[in-house]
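The structure appears right after this line, and notes come after that.
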Amino acid sequence: MLKEDLSDREVSARTQRLFHESLALILDPMKEAGKSGIEIVGGDGGVRMVYPVLACYVADYPEQCLVTCTKYGTCPKCRVRAGDLAEHLERWEDRTQDFTLHVIQEAHESTQSNHAFRTKCMKEDVSGGVFRPFWEGFPHTDIHLSITPDVLHQLFQGVFKHMVEWVDDFMEPGELDERIRCLPPCYGVRHFKQGWSNLGQISGKERKQMARILLGCMIGKVPLGVIRCYRALLDFIHLAQYPSHDDHTLGYLDAALTAFHVNKGVLLALGT
C-alpha cells in the first residue's frame, strides 16, 4: 500500500477527529445516564436518581481549542475576532454550543471536500477539522461554558513568560540576572543564585517564585508606566489564584485588568 501524501493541515484535522471520536465512545454511557438518570443508594438507605452532566473541562489553551472546535488564536469563550482581542471595553457575544454545531453542520452539508469544509468553518472562527464533536447530544451541556480558566498554563506559563521576555528590552544583557543575584535571602522566597537566564525547562512552581521578585528587580530601571503595567498584571495573576471569589474579589480582578489596559500603551510606545 502506498503511503498517502497528507498536508500538515489534514494530519491535524485527522488527529482532531480521532480525539473527538475516541471521547465520544468513552463518554457515551454518560450521555445516556444524563438523560435517563442512574439510581444511587445513599448512606441512609434512600435511593436517589442522579443525572450526571458535563459541567467542567479543565485544559490548557491548545486543548481548549481542540475540545471546543475553536479556531486556534481566537477565544473559546466568546466570539471576539482575533484582531480585536486587545479591545478590553468591548463586550462580545458569547460562543455557544448551538452556534458551533450550526457552523459545522452547515459547512458539512454545503461543501464537497475537506478543504472547502475547513475554509468555511475558519471564516466563523471554528477549527474545521471535526465533523461530529464528542459533546454533541449531551444533555444540559454547553461546552464553551464548561471550559475553565487555567492559571498555570495561561497566566504563569503564558502571560508571565512574556513579561520576563519583555524585560530584556529595558535592561542591558545580564543586568536582570545581576539584580536577581543581589537580592537578599528572604523566608518563603526562592533565592536564584545564578539568575534566570541559565534556567532550562522552567516549571510552574519556579515561575510562581519568579513572579514574587520580578517587580522589585525592575524598580529604578524601567519607566513608571511599565511598572504600573506590570503591577496590574501581577495583581491579576495573584488574585486569580484565590480558591473562591465574591463580588468584591471579582471587582479587584476587573480593576487590575482595566489598569493593565490603561497602561499597556507604554509597552507599544517603547517598541516592546
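The values are calculated or read from the model by the stated rules, or taken from the named source; none is laboratory data. None of these values were measured; they are calculated from a predicted model. So basically every Cβ, Gly included, is an ideal-geometry build from the backbone, and we count neighbours across all protein chains shown.
So how many residues does the stretch 137-146 have that are surrounded by 16 or more Cβ atoms within 10 Å (Cβ to Cβ), more than 21 Å from LEU250 (Cα to Cα) and not β-branched (Val, Ile, Thr)? Number satisfying all stated conditions: 2. Please go through the stretch 103-146 and give me each residue that is in contact with a Phe, Trp or Tyr (Cβ under 6 Å, 6 or more places away or on another chain), within 18 Å of LYS35 (Cβ to Cβ) and hydrophobic (A, V, I, L, M, F, W, C), ordered by number. Listed by number, the list holds a single entry, ILE143.
For first residues located in the stretch 12-35 and assigned by TED's automatic domain parsing to the domain that holds PRO52 and of a type in the set (A, V, I, L, M, F, W, C), partners that are loosely packed, with under 12 Cβ neighbours inside 10 Å and outside any helix (DSSP H, G or I) and lie 6+ apart or on another chain with Cβ distances below 9 Å form the pairs ALA33/VAL50.
If you filter the stretch 180-196 down to residues that are surrounded by 12 or more Cβ atoms within 10 Å (Cβ to Cβ) and not small (Gly, Ala, Ser), you find that the one that is nearest to the chain's Cα centre (by Cα) is TRP196. As for the stretch 17-39, it holds at least one residue that is modelled with pLDDT of 85 or more and more than 30 Å from THR68 (Cβ to Cβ). Of all residues in the stretch 105-143, those being closer than 16 Å to THR74 by Cβ, out of contact with any Ser or Thr (no Cβ under 9 Å at 6 or more places or on another chain) and among the hydrophobic types (A, V, I, L, M, F, W, C) number 2. Please verify whether the stretch 147-167 includes one or more residues that are of a type outside the set (Asp, Glu), touching a Phe, Trp or Tyr at 6+ places or on another chain (Cβ under 9 Å), in a loop (DSSP other than H, G, I, E, B) and surrounded by fewer than 20 Cβ atoms within 10 Å (Cβ to Cβ). Yes, some residue in the stretch 147-167 is of a type outside the set (Asp, Glu), touching a Phe, Trp or Tyr at 6+ places or on another chain (Cβ under 9 Å), in a loop (DSSP other than H, G, I, E, B) and surrounded by fewer than 20 Cβ atoms within 10 Å (Cβ to Cβ).
Only one of TYR61, TYR57 is in contact (Cβ under 8 Å) with a residue 12 or more places away in the chain, closer than 25 Å to GLN157 by Cα and touching a strand residue (DSSP E or B) at 6+ places or on another chain (Cβ under 9 Å); which?
TYR57
Checked against (1) out of contact with any Asp or Glu (no Cβ under 9 Å at 6 or more places or on another chain); (2) modelled with pLDDT under 85, LEU214 passes all but condition (2).
Here PHE236 meets the list (1) within 20 Å of LEU85 (Cα to Cα); (2) in a loop (DSSP other than H, G, I, E, B); (3) not acidic (Asp, Glu) almost entirely, failing just condition (2).
Residues are listed down the side, and each one gets a yes or a no for (1) buried (at least 16 other Cβ atoms within 10 Å of the Cβ); (2) assigned to a loop (DSSP other than H, G, I, E, B):
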{"residue": "MET49", "(1), (2)": "no, no"}
{"residue": "VAL53", "(1), (2)": "no, yes"}
{"residue": "ALA59", "(1), (2)": "yes, yes"}
{"residue": "PRO62", "(1), (2)": "no, no"}
{"residue": "GLY73", "(1), (2)": "no, yes"}
{"residue": "PRO76", "(1), (2)": "yes, yes"}
{"residue": "TRP92", "(1), (2)": "no, yes"}
{"residue": "ASP98", "(1), (2)": "no, no"}
{"residue": "LEU101", "(1), (2)": "yes, no"}
